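Notes follow once the structure below has been shown.
The values are calculated or read from the model by the stated rules, or taken from the named source; none is laboratory data. All figures in this text were calculated on a predicted structure; none of them were measured in a lab. Glycine gets a Cβ as well: all are built from the backbone with ideal geometry, and neighbour counts include every protein chain shown.
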Amino acid sequence: MAITSLPSSDGQELTIRIQGRFDFGAHQAFRDSYERINFTPKRYVVDLDHTTYLDSSALGMLLLLRDHAGGDHAQISLVNCNADVRKILAISNFEQLFKII
Amino acid sequence: MDARLSILIAEDNAADRMLLSSIISRQGHRVLTASNGLEAVAMFDQEQPDLVLMDALMPVMDGFEAARRIKLKAGEALVPIIFLTSLTEGEALVRCLEAGGDDFLAKPYNRVILDAKIKAMDRLRRLQATVLEQRDLIARHNEHLLNEQRVAKAVFDKVAHSGCLNAPNIRYLQSPFAVFNGDLLLAAFKPSGGMHVLLGDFTGHGLPAAIGAMPLAEVFYGMTAKGYSLSEILREVNAKLKRILPVGVFCCATLLNLSFQRRIVEVWNGGLPDGYVHRIATGERLPLVSRHLPLGVLEPSDFNDACEIYPMELGDRVFLLSDGVLETSNPAEQLFGESRLLNVFAANRQPDLLFDEIQQALSAFRGKAQDDVSMVQVCLVEAESLPRPPLAFADSGQSSPLDWAASFEFRAQTLKRFNPLPFLLQLLLEVQGLRLQGGALYSVLAELYSNALEHGVLGLDSQLKCDAPGFAHYYRERTRRLAELDQGYVRFHLQLLPEASGGRLVIKVEDSGTGFDVQQVLERQRTAQSLSGRGLGLIRRLTERSTWAADGRGVSVEFSWNDQA
């Protein structure tokens, strides 16, 4: 599991990339990825391209990010979801809260 | 750190013994001496030294045997034994280590090396002591935790299992400590005799996952017992969980409302894998798909309580499972997954064996026993075949009001979003004499109300429900018309009359609809086995007297009781 975050050049967007299993073990690293930055992004992109597995505590962590990013006003996209990840997001109906691309 | 050790020297040569003693006491340690193995073992028993310097070859008992005995007596604690030896060939040195020695020191003695070896052994000894201490601490904590879990589980069981999971039409599988996996399974009889079932799965594991289960269970049982509908319970549960749970903790859940009389099941699924309605006659399995966000995520104003309704026949089953089933993984880290589950379904020939077949498939796949899986199967049976517990009351009922009348008119705006039944039931059950018939009373009120609302105010034709597609159409139409409703009413007139040895309740219900042909409906019910209009027969069976107004716009039913009975 490795989590990296990268701001866009204009500082408007933060891309969080999750590699490997996205589960409770990633809790602290995931929080750090958006809390330990010295700017306030307008938009967040969570890149799940190399995410092999996602469990319900990962869904909880996504909700924490959403809360951090302004709750109902948060702009968060989940991108590069593979079929398994997409299925888990669909069962929980997370497309109502996140833009899933 | 206290570097002063008590060191036992076992050496048969008196000169060597004295030399060693003086070196060691000059290094600040306490010295104990023995002149053969047997003495050394006795001295060990008596003084419990921290470290032993052991000559290999001694009379009476040699160092090898003494080392074995001392190691045995020391048990888990590390009492380092350094062999003192003039032996040089490898085999002899190996014997020292095999007997339990930790190191050896060649004669003649070099005091610098001796000091360094004692220090090194002391470090090992302390490390071992720390490890043991921490192990014991962890064991104590763990025992404490398990004990707390046992107590918590006992409390939880009182709350969560106060329902009817043991009803003969329910089959379920849950690990004994499932609550600490975040899984929750609840079932309760409605006052009308139907059943509410909830399978939930909180995010996370352990106590944080279990903690939300308590308020959820309380709300579920409390509101079900008072006659609230599934939608109302869902709203309350969601609001409560949203209020008390931290962001990121929520509950994936499927709720069922089974009406045995009406032969339907109402379903709400937020975040659990597909459940299934299994039709026995056709073998068909309808998936119950998650349409909502889990409970505790959305603000009450955004929450969607829309349920789906499916007709069922006697013997049909509803099957629900937690994601633990699909996420069971094998040694190669593959998941069991939906397609394997569907294969088990497809291979199933005897519905009664389905549960066992799934369990077998899971253990075959995983290669060992399963402990974090929750499944439940509920069968639609004749309502009469189930034991109905009496309604529970907190008060003594001594101050029973006996002689009163009340009328209520619920108008369009109210009908849209308020369910008057719990309110009316609570009022009527203040009357002691009616409590024994609480279930029948509620069933009848519920039938009268839904008839007045659906067929009267909303003008829905129950004949629509003649087949499954029509059935779905009926409930879509019900939702649409209710949302658009801007006029109409349902009236309840309640009349309580004391009698010589008991009393009588007369309920009249009227609605703003166009009425119906009473004779024709009753006739149709006697002849047809359709999905519609089971209500009137039920009302007739459960009440003492029931009469319909000639124009079909009003109905009057009576209940009476006898105090001596």
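Quick notes
- Answer from A:ARG17, A:ARG36 - the residue that is surrounded by fewer than 15 Cβ atoms within 10 Å (Cβ to Cβ), more than 14 Å from chain B (Cβ to nearest Cβ) and among the basic types (Lys, Arg): A:ARG36
- Failed item in (1) of a type in the set (S, T, N, Q); (2) surrounded by fewer than 18 Cβ atoms within 10 Å (Cβ to Cβ); (3) within 14 Å of chain B (Cβ to nearest Cβ), with A:ASN80 passing the rest: (3)
- Per-region count, segment B:253-271, residues within 14 Å of chain A (Cβ to nearest Cβ) and at pLDDT below 95: 1
- The set of residues in segment B:309-325 that are surrounded by fewer than 16 Cβ atoms within 10 Å (Cβ to Cβ) and either at negative phi or not in a loop (DSSP other than H, G, I, E, B) (or both) comprises B:GLU313, B:LEU314.
- Leading residue by the ranking (farthest from the other protein chains (Cβ to nearest Cβ)) among those in segment B:276-294 that are touching a Lys or Arg at 6+ places or on another chain (Cβ under 8 Å) and either without any contact (Cβ under 8 Å) to a residue 40 or more places away in the chain or under 29 Å from B:ARG235 (Cα atoms) (or both): B:ARG279
- Residue in segment B:182-200 that is within 14 Å of another protein chain (Cβ to nearest Cβ) and more than 9 Å from the chain's Cα centre (by Cα) present: no
- Taken together, the criteria exclude B:GLN149 from residues that are outside any loop (DSSP other than H, G, I, E, B) and either at pLDDT 90 or above or in contact with an Asp or Glu (Cβ under 9 Å, 6 or more places away or on another chain) (or both).
- In the set (1) facing chain B (nearest Cβ under 8 Å); (2) surrounded by fewer than 22 Cβ atoms within 10 Å (Cβ to Cβ); (3) of a type outside the set (Phe, Trp, Tyr); (4) in contact with a Ser or Thr (Cβ under 6 Å, 6 or more places away or on another chain), the condition left unmet by A:ASP67 is number (4).
- Yes/no for B:VAL247 being β-branched (Val, Ile, Thr), without any contact (Cβ under 8 Å) to a residue 40 or more places away in the chain, surrounded by fewer than 23 Cβ atoms within 10 Å (Cβ to Cβ) and within 14 Å of chain A (Cβ to nearest Cβ): yes
A quick yes/no check of all residues on (1) of a type outside the set (Ser, Thr, Tyr); (2) modelled with pLDDT of 85 or more; (3) assigned to a loop (DSSP other than H, G, I, E, B); (4) farther than 30 Å from B:PRO351 by Cα:
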| residue | (1), (2), (3), (4) |
| --- | --- |
| B:ASP372 | yes, no, yes, no |
| B:PRO390 | yes, no, yes, yes |
| B:PHE393 | yes, no, yes, yes |
| B:PHE408 | yes, yes, no, yes |
| B:LYS416 | yes, yes, no, yes |
| B:ASN419 | yes, yes, yes, yes |
| B:LEU427 | yes, yes, no, yes |
| B:ARG435 | yes, no, no, yes |
| B:LEU441 | yes, yes, no, yes |
